[in-house]
Amino acid sequence: MSVLAAMIHKPSPKPLSVRHDGDDLVISREWMRDIGAGLLLFGLLLLALALAVVGRAAAEPPPMAVLALLPGSAMLVGGVAAVVIGLYNLLNRTLIHLQSGGIHITHGPLPWRSQRIAAHQAQRVGITEYYREGMVDGHMRRSVYYTVRVADAAGVWHTVVRQIAYSDDAQMIAQSIAERYSIPQDATVVTHLNLNNRKDR
């Protein structure tokens, strides 16, 4: 068992998609589709409610109409935001291209900024486990997500991908990077960060 596998152990119900594109290794990762579907449904319901409120406000006399439009406008903005975020999470995938010249990270089909990390910047690879604990319905619950980063010779860390729900996915990405850029196993780093203790969360 690798260092990474020994330290994080939350399995993924469905592994990432990995394929070869010539000499490149391409890792494909879905965004948070379950959350996206929920946000999309919530946003559509909120938009329907906002339109109903705005419609009723239009029938009111001018002073009352302005007051009635305020909650309708707020719901409208919230509904649009929820729909957009929901669509991004429902439709988008992250593609991590492990190329000879470095790591190229793209997202789509909806537009999102891409990122390049030069090969010489991949001197170390690490996983950060972020977790938060709290009481839910009288039971202690723990929510966890992971971020994969690489560090250059100066010790500056560069994020490859964040908000990974499953440790197996984070481990696979980190191991693929280590193998592609010949990063020794003793140069892998796993850290655990309790968000309950962060004052800036």
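Points worth noting:
- Subset of segment 138-158 (residues that are assigned to a strand (DSSP E or B), without any contact (Cβ under 8 Å) to a residue 40 or more places away in the chain and either in contact with a Leu (Cβ under 9 Å, 6 or more places away or on another chain) or within 20 Å of Ser176 (Cα to Cα) (or both)): Ser143, Tyr145, Thr147, Val148, Arg149, Ala151, Trp157
- Any chance Ala65 is surrounded by fewer than 17 Cβ atoms within 10 Å (Cβ to Cβ) and at pLDDT 85 or above: no
- Restricting segment 97-133 to residues that are assigned to a strand (DSSP E or B) and of a type in the set (D, E, K, R), the residue that is nearest to His20 (Cα to Cα): Arg116
- Between Leu70, Leu4, Leu25, Leu49, the distinction of being modelled with pLDDT of 75 or more, surrounded by 13 or more Cβ atoms within 10 Å (Cβ to Cβ) and part of a helix (DSSP H, G or I) belongs to Leu49 only.
The values are calculated or read from the model by the stated rules, or taken from the named source; none is laboratory data. Since this is a predicted model, take the numbers as computed values, not measurements. Don't worry about glycine lacking a Cβ; one is built from the backbone with ideal geometry, like all the others, and counts go over all protein chains shown.
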